[in-house]
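The values are calculated or read from the model by the stated rules, or taken from the named source; none is laboratory data. Everything numeric in this text was worked out from a predicted model, so none of it was measured. Please note: Cβ atoms are built from the backbone with ideal geometry, for glycine as well, and neighbour counts cover all protein chains shown.
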Amino acid sequence: MNLLILKCYYFLCNVGLDEEFLTFFTFSNHCKNSVHNIAFRCSFMNSELVKKIRNAIVNATIRIGIVIEQTVWEQMRLASIEEKQLGIEAGDIDTDGIPLCPVIVDGQWGKRSYKTKYNALSGAATIIGFRSNTILFVEIRNRYCCICERAHALKLPTKDYKCFLNWDKATTGMEADGIFEGFPRSIEFHSLKFNRLIGDGDSSVLKKLLEIVPYGPHQLVEKIECRNHLLRNYRFQEDISNSPYHIFGQHALCDIYFCKKPADCENHVPAMEKCGLMRDVDSVKKSS
């Protein structure tokens, strides 16, 4: 990976990295699997050239990150022009002449569960134009900074650097906060208003937007439920409604993700329907 960063830095950014570094770094990587690896590295890692390579890797990473960030913002600017034009063509314009844009919103963060719950220390929120299917806004949240943590562990003052630590709350709140930040800045960045929000069942984003009313009290953001989530919730509702039949042995409508439909299971539902007990169960289910 480090060699790839150096190559990008040298060949793409064209900022004058000495090609000797690349040749030398490639050679040292090949030597890692050598039988003389230990002896080679002990005497070799003290050379000034290796220190230069390490500095080059850091500088290359920083410079490539800057180029990527600039490219991302430029692409989002171009996407907003397309989204704006599509809004004008659709006649979706407010009284101030600003195009209105329905957007799809979502957030993401790493999550694992190996006997213990784990949420990643970084997450992202994305706002996508509905008509153009292009990204209009991205916001990153970080709960961890290795430089700050190292300085704190060693009880040393931090150097002057760009710290990306910008979140100190639960990981699950990153999505709502990142999306929430994009709406008030839509006019400043894109000369657009995000008038309709298409997303999952999370209501925290809409609640915040209704509190701050980014476009004024007469132009509230409308929430449209994502079709995929609606269908999934509908299936959950079906399964919940079917649960009494599953419990009493009738598995005709059971889904395979929770029921193996045993063939030798006794079905008590016909007898319960005959005596009226199943009707009472259904009435309790509907009232709950």
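State whether the residues of region 42-64 include one that is surrounded by fewer than 10 Cβ atoms within 10 Å (Cβ to Cβ), among the small types (Gly, Ala, Ser), out of contact with any helix residue (DSSP H, G or I) (no Cβ under 8 Å at 6 or more places or on another chain) and at pLDDT 75 or above.
no
Is there any pair linking a residue in region 248-260 that is free of Cβ contacts under 8 Å to residues at least 12 places away in the same chain to one that is surrounded by 10 or more Cβ atoms within 10 Å (Cβ to Cβ) and in a loop (DSSP other than H, G, I, E, B), with Cβ under 7 Å and at least six apart or on different chains, and which?
none
Could you please give the count of residues in region 74-111 that are within 20 Å of the chain's Cα centre (by Cα) and within 15 Å of PHE194 (Cα to Cα)?
Total satisfying the criteria: 7.
Out of all the residues in region 224-235, is one or more at pLDDT 80 or above and in contact with a strand residue (DSSP E or B) (Cβ under 8 Å, 6 or more places away or on another chain)? Lay out the reasoning, then the answer.
Step one: list which residues in region 224-235 are at pLDDT 80 or above, which gives 224.
Still in the running and in contact with a strand residue (DSSP E or B) (Cβ under 8 Å, 6 or more places away or on another chain): 224.
Yes - at least one qualifying residue is present in region 224-235.
Scan region 175-200 and report the pairs whose first residue is touching a residue at least 24 places away in the same chain (Cβ under 8 Å) and more than 13 Å from LYS223 (Cα to Cα) and whose second residue is basic (Lys, Arg) and part of a strand (DSSP E or B), with Cβ atoms within less than 7 Å and a gap of 6+ or a chain change.
Short answer, once both residue conditions are applied: ASP177/ARG141; GLY178/ARG141; SER186/LYS193; ILE187/LYS193.
Taking region 143-163, which residues are surrounded by fewer than 15 Cβ atoms within 10 Å (Cβ to Cβ) and either among the hydroxyl-bearing types (Ser, Thr, Tyr) or within 17 Å of the chain's Cα centre (by Cα) (or both)?
TYR144, THR158, TYR161
Please find, within region 131-172, the residue that is farthest from VAL58 (Cα to Cα) out of those that are of a type in the set (Gly, Ala, Ser) and in contact (Cβ under 8 Å) with a residue 12 or more places away in the chain. If you could, list the steps in order and put the result at the bottom.
First, pick out the residues of region 131-172 that are of a type in the set (Gly, Ala, Ser): 132, 151, 153, 170.
Then drop every residue that is not in contact (Cβ under 8 Å) with a residue 12 or more places away in the chain, which leaves 132, 170.
Working: SER132: 37, ALA170: 30 Å.
My answer is SER132.
What pairs come out if I take residues in region 60-84 that are over 21 Å from LEU100 (Cα atoms) and pair them with residues that are at pLDDT below 85 whose C-beta lies under 6 Å away, six or more apart or interchain?
Cβ pairs passing all conditions: ALA60/ILE5; ALA60/LEU6; ALA60/TYR9; THR61/ILE5; ARG63/CYS13; ILE64/CYS8.
Identify the single condition in (1) at pLDDT 80 or above; (2) part of a helix (DSSP H, G or I) that CYS254 does not satisfy, given that it satisfies every other one.
Evaluating CYS254 over (1) at pLDDT 80 or above; (2) part of a helix (DSSP H, G or I) leaves (2) as the failure.
Would you confirm, using the coordinates I've provided, whether GLY107 is part of a strand (DSSP E or B) and surrounded by 13 or more Cβ atoms within 10 Å (Cβ to Cβ)? Walk me through how you get there before you give the answer.
Working: part of a strand (DSSP E or B): yes; surrounded by 13 or more Cβ atoms within 10 Å (Cβ to Cβ): yes.
In short, yes.
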